[in-house]
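Asks: What follows is a structure written as structure tokens; I'll ask about it next.
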Amino acid sequence: MKSFVRVFLISVLFSLQASAEKPNILFIAIDDLNDWVSPLGGHPQVKTPNMERLAQRGTTFLNAHCQSPLCNPSRTSLMTGLRPTSTGIYGLAPWFRDVDEFKYVVTLPQYLETQGYKTYSTGKIYHGGYGRKETDSEFQLLGPPAGVGVRPEKKLVETPFGNHRLVDWGVFPHKDEDKGDWKVASWAEEILDGKPNGPWFLSAGFFLPHVPNYATQKWFDLYPEESIQLPPWLPGDRTDTSRSSWYTHWYLPEPRLKFLREADQWRNLVRAYLATVSFVDSQVGRVLDALERNGYAENTIVVLWSDHGYHLGEKDITGKNTLWDRSTRVPLIFAGPGVEIGEKTNKPAELLDIYPSLLELCGLPPNANLEGISLVPQLQDPNAKRERPAITSHNQGNHGIRTEKWRYIVYRDGAEELYDIENDPHEWFNLAGDKKYARTLKQLRKWIPVEDRLPAPGSKSRILIFDKDEIIWENSIIQPSDSIPGL
């Protein structure tokens, strides 16, 4: 009996010591992934079994939104805990460390390092090559960068606006193992199979379904061409929106719906996007398998997120750079210690909230400089009250506010849009001009960011500036007589 009690007490002590350990963090980023994943139900045919199994292990945010519908500002905001309107980072440049005021901002991995975490990273976490130079100190150990990997000898689809090399889609003979995302998953597997000592922070950033949407035939075979369902589209949808709604994506390489229809490429693009989503889901699965087979699942917080959404014909366009749900809504899934299992919440959430949420889940001191709000209340109770809506900004003066019921948009020139998401989930009917919604508009306007900076020094690529009476897009003045590109 004494022996049994002794063993029991030792086991209890061991359990208490284990529970006192800081949890590890597996941080999975996916580029340009909208809500076309099975946990969010954005496309009825999508096959993402690995994201689904992660969702079943944790809590899925059905109403999560990015802070900016573009890679660099979105990722900068998430990793620094600061809004684009607070930093002026709106374009694909600059790297925030090159802005004097933010040179020494403590990012999420840097903060975790001060708390004893070993930080690993592979693939795309910051935009492009940012944070990966030998002189950078964002992570302690770096794996392969993100990238397309293998390409066809020439583009598969000739597209307008310069026939940009990245704007392409389709299938050609190659191997999954040749793709950049395969190499990212392989490196993450190697780190986990090496059984690193905790606590650790492992970030793996996948490139697909960012263009070019290339996949091998087996992934296309999941989506037979004749059965592909195109996204909902309403002819004349944008007749009740202002010209301002075009300015945020005025002249971009991503094609308009008009081109896709005329070139008979709409169905092909949708199919390619779905195929690449399923491929990247398989790579997520490889990393989750490695987590589980090495015994880390019970003491690892997993967070999966995308930097922004993506249009595939909705609102007459493709790509991001808008303030509608298709461009701002993102997958956000948490699993692991401190997270309810198999739950979904419709409370608004922001990518900005990931930083403070991870600190609280890990039992770490809060960082007082963050602008996000911890999501732990919703991770423990999906119906817990949320203090504010999700707020997205794209260039100075253009903001989207998202509650459970409403989508409100205001542009730099004062033009407004209002959508009843509960009754109009595709944002087809702009209610902003209806006087009976004046009170709703007034309530939503109070969430427009008070601090709304000009673009940071060195800003370029997809920068929109309102200078007195002139509207400047990519250093070119938009004349009132200019036709909308691509229409």
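Asks: Output the number of residues of region 114-166 satisfying the condition of being in a loop (DSSP other than H, G, I, E, B), closer than 19 Å to Gly180 by Cβ and aromatic (Phe, Trp, Tyr).
Replies: The total comes to 3.
Asks: Quick one: in region 427-444, which of the residues that are of a type in the set (A, V, I, L, M) and part of a helix (DSSP H, G or I) is surrounded by the most Cβ atoms within 10 Å (Cβ to Cβ)?
Replies: Of the residues in region 427-444, the ones of a type in the set (A, V, I, L, M) are 431-432, 438, 441, 444.
Narrowing further to those that are part of a helix (DSSP H, G or I): 438, 441, 444.
On the way: Ala438: 10, Leu441: 17, Leu444: 21.
Within region 427-444, the match that is surrounded by the most Cβ atoms within 10 Å (Cβ to Cβ) is Leu444.
Asks: Condition check: among the acidic types (Asp, Glu), touching a Gly at 6+ places or on another chain (Cβ under 6 Å) and either within 22 Å of Lys124 (Cβ to Cβ) or touching a residue at least 24 places away in the same chain (Cβ under 8 Å) (or both). Does Asp193 satisfy that? It would help to see each step written out before you state the result.
Replies: Numbers: among the acidic types (Asp, Glu): yes; touching a Gly at 6+ places or on another chain (Cβ under 6 Å): no; either within 22 Å of Lys124 (Cβ to Cβ) or touching a residue at least 24 places away in the same chain (Cβ under 8 Å) (or both): yes.
Considered against the rule, which asks whether it is among the acidic types (Asp, Glu), touching a Gly at 6+ places or on another chain (Cβ under 6 Å) and either within 22 Å of Lys124 (Cβ to Cβ) or touching a residue at least 24 places away in the same chain (Cβ under 8 Å) (or both), Asp193 comes out as no.
Asks: In region 61-80, how many are part of a loop (DSSP other than H, G, I, E, B) and touching a Ser or Thr at 6+ places or on another chain (Cβ under 8 Å)? Reasoning before the result, please.
Replies: The initial filter retains those residues of region 61-80 that are part of a loop (DSSP other than H, G, I, E, B), namely 62-63, 66-70.
Remaining after also requiring touching a Ser or Thr at 6+ places or on another chain (Cβ under 8 Å): 62-63, 66-69.
Looking only at that region, the number is 6.
Residue-wise test of (1) touching a Leu at 6+ places or on another chain (Cβ under 8 Å); (2) part of a loop (DSSP other than H, G, I, E, B); (3) surrounded by fewer than 22 Cβ atoms within 10 Å (Cβ to Cβ); (4) among the charged types (D, E, K, R).
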site	(1), (2), (3), (4)
Ile28	yes, no, no, no
Asp35	no, yes, yes, yes
Gln45	yes, yes, yes, no
Glu52	no, no, yes, yes
Ala55	no, no, no, no
Thr59	yes, no, no, no
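Asks: Right, another one. Of all residues in region 107-133 being touching a residue at least 12 places away in the same chain (Cβ under 8 Å) and among the basic types (Lys, Arg), which is surrounded by the fewest Cβ atoms within 10 Å (Cβ to Cβ)?
Replies: If we take residues in region 107-133 being touching a residue at least 12 places away in the same chain (Cβ under 8 Å) and among the basic types (Lys, Arg), then Arg132 is surrounded by the fewest Cβ atoms within 10 Å (Cβ to Cβ).
Asks: Another one. For Leu92, work out the one condition from (1) under 30 Å from Trp219 (Cβ atoms); (2) touching a strand residue (DSSP E or B) at 6+ places or on another chain (Cβ under 8 Å); (3) aliphatic (A, V, I, L, M); (4) buried (at least 21 other Cβ atoms within 10 Å of the Cβ) it doesn't fulfil.
Replies: (4)
Asks: Which ones in region 179-194 are touching a Leu at 6+ places or on another chain (Cβ under 9 Å) and either at pLDDT below 95 or among the hydroxyl-bearing types (Ser, Thr, Tyr) (or both)?
Replies: Passing the criteria: none in range.
Yes or no, residue by residue, for (1) within 21 Å of the chain's Cα centre (by Cα); (2) over 21 Å from Thr59 (Cβ atoms); (3) at pLDDT 95 or above:
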{"position": "Leu274", "(1), (2), (3)": "yes, yes, yes"}
{"position": "Ser278", "(1), (2), (3)": "yes, yes, yes"}
{"position": "Ala290", "(1), (2), (3)": "no, yes, yes"}
{"position": "Gly295", "(1), (2), (3)": "no, yes, yes"}
{"position": "Asn299", "(1), (2), (3)": "no, no, yes"}
{"position": "Ile317", "(1), (2), (3)": "yes, yes, yes"}
{"position": "Lys320", "(1), (2), (3)": "yes, yes, yes"}
{"position": "Asp325", "(1), (2), (3)": "yes, no, yes"}
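Asks: Also, I was wondering about something else. Taking into account only those residues within region 181-222 that are touching a Ser or Thr at 6+ places or on another chain (Cβ under 8 Å) and aromatic (Phe, Trp, Tyr), which is surrounded by the fewest Cβ atoms within 10 Å (Cβ to Cβ)?
Replies: By that ranking, first place goes to Trp187.
Asks: I'd like to check which helices (runs of 4 or more DSSP H) are fully inside region 217-282 and have at least 1 residues that are within 19 Å of Arg326 (Cβ to Cβ). Show your work before the answer.
Replies: Numbers: elements: 217-220, 244-247, 257-262.
Output list reads 244-247, 257-262.
Asks: Let me ask something else. Is it true that Pro145 is at pLDDT 95 or above, closer than 18 Å to Leu208 by Cβ and of a type outside the set (A, V, I, L, M)? Quick ask: steps written out before the conclusion?
Replies: Numbers: at pLDDT 95 or above: yes; closer than 18 Å to Leu208 by Cβ: yes; of a type outside the set (A, V, I, L, M): yes.
Yes.
Asks: OK, next. Report every pair of residues separated by at least 6 positions or lying on different chains whose Cβ atoms are under 6 Å apart, first residue within region 456-474 and free of Cβ contacts under 8 Å to residues at least 60 places away in the same chain and in a strand (DSSP E or B), second surrounded by fewer than 17 Cβ atoms within 10 Å (Cβ to Cβ) and of a type outside the set (Lys, Arg).
Replies: Taking only residues 6 or more apart or on different chains, the pairs are Glu470/Ile477.
Asks: Right, here's the next one. Six or more apart or on different chains, Cβ under 9 Å: which pairs go from a residue in region 163-178 that's surrounded by 12 or more Cβ atoms within 10 Å (Cβ to Cβ) and modelled with pLDDT of 95 or more to one that's among the hydroxyl-bearing types (Ser, Thr, Tyr) and assigned to a loop (DSSP other than H, G, I, E, B)? Could you list them?
Replies: Final answer for the pair search is Val167/Thr159; Asp168/Thr159; Val171/Thr216; Phe172/Thr216; His174/Thr216; Asp176/Thr216.
The values are calculated or read from the model by the stated rules, or taken from the named source; none is laboratory data. Keep in mind the model is a prediction, meaning the values are calculated, not measured. Neighbour counts run over all protein chains shown; Cβ positions are idealised from the backbone, glycine included.
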